[in-house]
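**Student:** Sharing a structure below in structure tokens format, with a few things to ask.
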Amino acid sequence: MTTAKYDVLGIGNAIFDVLVQTDEGFLATHGMTKGRMALIDEARAAAIYSDMGPATKMSGGSAANTIVGIASLGARAAYVGKVRDDEIGRLYTHDIRAAQVAFDTEAAIGGPATGCSYILVTPDGERTMNTFLGAAQELMPADIDPGQIAAAAILYLEGYLWDPKSAKEAFVKAATVAHGAGRQVALTLSDSFCVDRYRDEFLDLMRKGTVDLIFANEAELHSLYQTSDFDTALKQLQKDVKLGVVTRSEKGCMVASSDSVIAVPAFPIAEMVDTTGAGDLFAAGFLFGMVRNAGLENAGKLGALAAAEVIQHIGARPQVSLKELAQRNGLPV
């Protein structure tokens, strides 16, 4: 196995986030299910946006948020995702490159606009997402550069990629290339609705060894195994994948391998403002710990620290250097 050029390369739906703080009445008026992600068309996107109050706008996308977090910790990061060559697409490209992430995916010249997610944050900090995939669903297997994939120690994929057919094919191509180069493949399940749609296919990816590491939150784990009993689901996860990491909000996380389970507490916070990106940044810290060979417990602590930073402000990208934050808290960087 050759030396890696990148520590982690992520592939995901390149999505521009439009966030607004609102109340539960807005969700009810628009028929939204609190705390979930719904795929919407351009017309519904326009209707939601026209009713939203003043918004915070920033580059997002689940895997992209994770990769930006990894770069903030000081690792070598790369990202593959599709935007259109429009104003938002160019802003997205600038933002991710400014975060010291290698981003070379060719922008689409025609077709739908760059994808956007309209994120409603209620007073309890819970986020409800309405996502227009737009150009993100134009990601093709041809956008996967085998040399770039093989040059990354860990390939990180988001479950949302399983929605568009061409992106699904790109996902499988990348995982095959990564394993052929002796690299590790990680997958985040993304959303319990996503798991509801593709449960059998995700389990197949795990049981066939297409993915080595699974990230899930409690809701996603329960959906995956269709049980309300956490311990039963966790034991099944241990059988189905080499390594599984389950986040449990204020209860911390569980890191499960075939022969052990490690509990890592959540990192204390002053105030919970917005849960957008919590899982994404947790994955950033955990993957960073893995590439630094910090051990599973320290990887969990790094994940908890990164997640704690991002939920204390609006938006899914860190607002401080995660590397400096980890150093101040005595964690390995």
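The values are calculated or read from the model by the stated rules, or taken from the named source; none is laboratory data. Since the structure is predicted, the reported quantities are computational estimates derived from the model, not experimental observations. Cβ coordinates were reconstructed from backbone atoms using ideal geometry, including for glycine residues, and neighbour counts include every protein chain displayed. Note: areas computed on protein heavy atoms with side chains; ligands, DNA, RNA excluded. Shrake-Rupley method; radii C 1.70, N 1.55, O 1.52, S 1.80 Å.
**Student:** For the stretch 130-237, which fully contained strands (runs of 3 or more DSSP E) count at least 2 residues that are in contact (Cβ under 8 Å) with a residue 12 or more places away in the chain and among the small types (G, A, S)? Can you show your working first?
**Tutor:** Working: elements: 152-158, 184-188, 213-217.
Output list reads 152-158.
**Student:** Ok, one more. Among the residues of the stretch 112-127, how many are more than 8 Å from R84 (Cα to Cα) and either open to solvent by 20 Å² or more (accessible area, probe 1.4 Å) or outside any strand (DSSP E or B) (or both)? Give the derivation first.
**Tutor:** Applying the first criterion (more than 8 Å from R84 (Cα to Cα)) to the stretch 112-127 yields 115-127.
Okay, now just the ones that are also either open to solvent by 20 Å² or more (accessible area, probe 1.4 Å) or outside any strand (DSSP E or B) (or both), so 118, 122-127.
Residues flagged as more than 8 Å from R84 (Cα to Cα) and either open to solvent by 20 Å² or more (accessible area, probe 1.4 Å) or outside any strand (DSSP E or B) (or both) within the stretch 112-127 amount to 7.
Rundown of residues vs (1) open to solvent by less than 30 Å² (accessible area, probe 1.4 Å); (2) of a type in the set (D, E), yes/no style:
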{"position": "M129", "(1), (2)": "yes, no"}
{"position": "A170", "(1), (2)": "yes, no"}
{"position": "V185", "(1), (2)": "yes, no"}
{"position": "R207", "(1), (2)": "no, no"}
{"position": "D212", "(1), (2)": "yes, yes"}
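**Student:** While we're on this one: Answer yes or no: is there a residue in the stretch 36-51 that is within 28 Å of V185 (Cβ to Cβ), touching a residue at least 12 places away in the same chain (Cβ under 8 Å) and within 15 Å of the chain's Cα centre (by Cα).
**Tutor:** Taking the stretch 36-51 first, the residues within 28 Å of V185 (Cβ to Cβ) are 36-39.
So of that shortlist, the ones also touching a residue at least 12 places away in the same chain (Cβ under 8 Å) come out as 36-39.
If we keep only those that are within 15 Å of the chain's Cα centre (by Cα) as well, we get 36-37.
The answer is yes, given that some residue of the stretch 36-51 is within 28 Å of V185 (Cβ to Cβ), touching a residue at least 12 places away in the same chain (Cβ under 8 Å) and within 15 Å of the chain's Cα centre (by Cα).
**Student:** Taking the options A308, A326, name whichever one is touching a residue at least 40 places away in the same chain (Cβ under 8 Å) and either touching a helix residue (DSSP H, G or I) at 6+ places or on another chain (Cβ under 8 Å) or open to solvent by 40 Å² or more (accessible area, probe 1.4 Å) (or both). Quick ask: steps written out before the conclusion?
**Tutor:** Details: A308 fails: either touching a helix residue (DSSP H, G or I) at 6+ places or on another chain (Cβ under 8 Å) or open to solvent by 40 Å² or more (accessible area, probe 1.4 Å) (or both).
Being touching a residue at least 40 places away in the same chain (Cβ under 8 Å) and either touching a helix residue (DSSP H, G or I) at 6+ places or on another chain (Cβ under 8 Å) or open to solvent by 40 Å² or more (accessible area, probe 1.4 Å) (or both) holds for just one of A308, A326, which is A326.
**Student:** Answer yes or no: is there a residue in the stretch 280-302 that is among the acidic types (D, E), part of a helix (DSSP H, G or I) and in contact (Cβ under 8 Å) with a residue 60 or more places away in the chain. Walk me through how you get there before you give the answer.
**Tutor:** Restricting attention to the stretch 280-302, the residues satisfying the condition of being among the acidic types (D, E) are 280, 297.
If we keep only those that are part of a helix (DSSP H, G or I) as well, we get 280, 297.
With in contact (Cβ under 8 Å) with a residue 60 or more places away in the chain added as a condition, the list becomes 280.
Yes: one or more hits.
**Student:** In the stretch 279-290, what residues are of a type outside the set (F, W, Y), open to solvent by less than 30 Å² (accessible area, probe 1.4 Å) and within 14 Å of the chain's Cα centre (by Cα)?
**Tutor:** The first filter runs over the stretch 279-290 and keeps only residues of a type outside the set (F, W, Y), leaving 279-281, 283-285, 287, 289-290.
From what is left, the residues that are open to solvent by less than 30 Å² (accessible area, probe 1.4 Å) are 280-281, 283-285, 287, 289.
Listed by number, the residues that qualify are D280, L281, A283, A284, G285, L287.
**Student:** Could you list, in sequence order, all residues of the stretch 42-71 that are open to solvent by 20 Å² or more (accessible area, probe 1.4 Å), among the hydrophobic types (A, V, I, L, M, F, W, C) and farther than 30 Å from L305 by Cα?
**Tutor:** A43, A46, A47, M52
**Student:** I'd like to verify a number: residues in the stretch 291-300 that are open to solvent by 10 Å² or more (accessible area, probe 1.4 Å) and either under 20 Å from L157 (Cβ atoms) or within 18 Å of the chain's Cα centre (by Cα) (or both), how many?
**Tutor:** First, pick out the residues of the stretch 291-300 that are open to solvent by 10 Å² or more (accessible area, probe 1.4 Å): 291-298.
Keeping just the survivors that are either under 20 Å from L157 (Cβ atoms) or within 18 Å of the chain's Cα centre (by Cα) (or both) gives 291.
Residues in the stretch 291-300 being open to solvent by 10 Å² or more (accessible area, probe 1.4 Å) and either under 20 Å from L157 (Cβ atoms) or within 18 Å of the chain's Cα centre (by Cα) (or both): 1 in total.
**Student:** Test S260 against the criterion of being open to solvent by less than 50 Å² (accessible area, probe 1.4 Å), polar (S, T, N, Q) and more than 24 Å from G61 (Cα to Cα), and give yes or no.
**Tutor:** Details: open to solvent by less than 50 Å² (accessible area, probe 1.4 Å): yes; polar (S, T, N, Q): yes; more than 24 Å from G61 (Cα to Cα): yes.
It is true that S260 is open to solvent by less than 50 Å² (accessible area, probe 1.4 Å), polar (S, T, N, Q) and more than 24 Å from G61 (Cα to Cα).
**Student:** Go through the residues of the stretch 235-252 one by one and say whether even a single one is in contact with a Pro (Cβ under 7 Å, 6 or more places away or on another chain) and either at pLDDT 95 or above or open to solvent by 10 Å² or more (accessible area, probe 1.4 Å) (or both). It would help to see each step written out before you state the result.
**Tutor:** Here is the first cut: in the stretch 235-252, the residues in contact with a Pro (Cβ under 7 Å, 6 or more places away or on another chain) are 252.
Now restrict to residues that are either at pLDDT 95 or above or open to solvent by 10 Å² or more (accessible area, probe 1.4 Å) (or both): 252.
Yes, the conditions are met somewhere in the stretch 235-252.
**Student:** Do you know which residues across the stretch 72-89 are open to solvent by 20 Å² or more (accessible area, probe 1.4 Å), touching a residue at least 12 places away in the same chain (Cβ under 8 Å) and not in a loop (DSSP other than H, G, I, E, B)?
**Tutor:** Within the stretch 72-89, S72, R84, I88 meet the criteria.
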